[in-house]
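Structure record follows, encoded as structure tokens.
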Amino acid sequence: AALVGQVSYLMQHPQGSRVTQAAFERLPAAHATSLASEMAGQVSAIACGTHGSWSVVAAYKCTRAPFILAEIAADITRLSALQNGSRVVQRVLLDAATAGEDITAATGALLGLSQPALASLSEDRFGNYVVQIALRHAPPAQRAALLDRLLSAFDALAVGKCGSNVAEVLVELSSDAQLEGVRAAIGVQHAETLRSHQFGSYVMSALDGRRAA
């Protein structure tokens, strides 16, 4: 009863966030869900802070409140490029996908980006992790669309510190036919250049491994 009306504030407080996380974890489901509902409309704002980000993750894990995932999906592009916001997006999406919940709104929001914007997010030091999760857990049709968009930027992604992580996932998930197209676009000479590149070498190792397999 003492927490009622204070949840959103406490979630963002250094010590209060620990109390709210404990409340979500230990209180009966109905009480935890009722407390979590106080942050409706404020999920993104709370997720942007260090303490709030962990509180949002705990709230979703313990209550499975649909509005949390919905509000994250609505602001996924901005959140994904922020250190704390990306933490929330990654953990909530992975948790939801693992539980078999519908993440199409979130992955669909990424598909709503232009190709350059999606590639830019893939090269972001925080956003690349979100793109990797989306690629691995999006429904088949959305995954195919994401692959199609990002394969066109494969060369640029392969030489980036963060983008190369996404490029390796592209290699893992793409079909043999798609990878043949990648190899043809790269060409023999440029492939050798990539093999000696700081980041491209890892991508080419993965690509060469797919051919050997």
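The values are calculated or read from the model by the stated rules, or taken from the named source; none is laboratory data. Just so it is clear, the structure is predicted and the values come from calculations on it, not from any experiment. Here the Cβ is made from the backbone with ideal geometry for all residues, glycine too, and neighbour counts use every protein chain on show. Remember, those area values only see protein heavy atoms, side chains included, never the ligands or the DNA or RNA. Shrake-Rupley method; radii C 1.70, N 1.55, O 1.52, S 1.80 Å.
When the residues of region 167-190 are filtered to those that are under 21 Å from I133 (Cα atoms) and outside any helix (DSSP H, G or I), which remaining residue is least open to solvent (accessible area, probe 1.4 Å)? Give the steps one after another, and end with the answer.
Applying the first criterion (under 21 Å from I133 (Cα atoms)) to region 167-190 yields 167-175, 178-179.
Among the residues that remain, those that are also outside any helix (DSSP H, G or I) are: 174-175.
Working: S174: 5, S175: 53 Å².
Of everything passing the filter in region 167-190, S174 is least open to solvent (accessible area, probe 1.4 Å).
Considering only region 195-203, I want to know if a residue exists there that is closer than 30 Å to I72 by Cα and modelled with pLDDT of 95 or more.
Within region 195-203, the first condition is being closer than 30 Å to I72 by Cα, and the residues that meet it are none.
Scanning region 195-203 turns up no residue that is closer than 30 Å to I72 by Cα and modelled with pLDDT of 95 or more.
Need the failing condition index for A81 against (1) open to solvent by 60 Å² or more (accessible area, probe 1.4 Å); (2) closer than 25 Å to S8 by Cβ, just the number.
Evaluating A81 over (1) open to solvent by 60 Å² or more (accessible area, probe 1.4 Å); (2) closer than 25 Å to S8 by Cβ leaves (1) as the failure.
In the list E123, E192, E172, which residue meets the criterion of being in contact with a helix residue (DSSP H, G or I) (Cβ under 6 Å, 6 or more places away or on another chain), of a type in the set (D, E, K, R) and more than 28 Å from R64 (Cα to Cα)? Working first, answer last.
On the way: E192 fails: in contact with a helix residue (DSSP H, G or I) (Cβ under 6 Å, 6 or more places away or on another chain); E172 fails: in contact with a helix residue (DSSP H, G or I) (Cβ under 6 Å, 6 or more places away or on another chain).
From the options E123, E192, E172, the qualifying one is E123.
Restricting the search to region 22-53, which residues are part of a helix (DSSP H, G or I) and open to solvent by less than 40 Å² (accessible area, probe 1.4 Å)?
Scanning region 22-53 gives A23, F24, A32, L35, A36, M39, V43, S44, I46, A47, G52, S53.
Filter region 106-160 down to residues that are in a loop (DSSP other than H, G, I, E, B) and closer than 16 Å to D75 by Cβ and give me whichever is most open to solvent (accessible area, probe 1.4 Å). Reasoning before the result, please.
Going through region 106-160, the residues in a loop (DSSP other than H, G, I, E, B) turn out to be 112-114, 123-126, 138-139, 152-153, 159-160.
So of that shortlist, the ones also closer than 16 Å to D75 by Cβ come out as 112-113, 124, 126.
Numbers: G112: 66, L113: 29, D124: 41, F126: 39 Å².
That would be G112.
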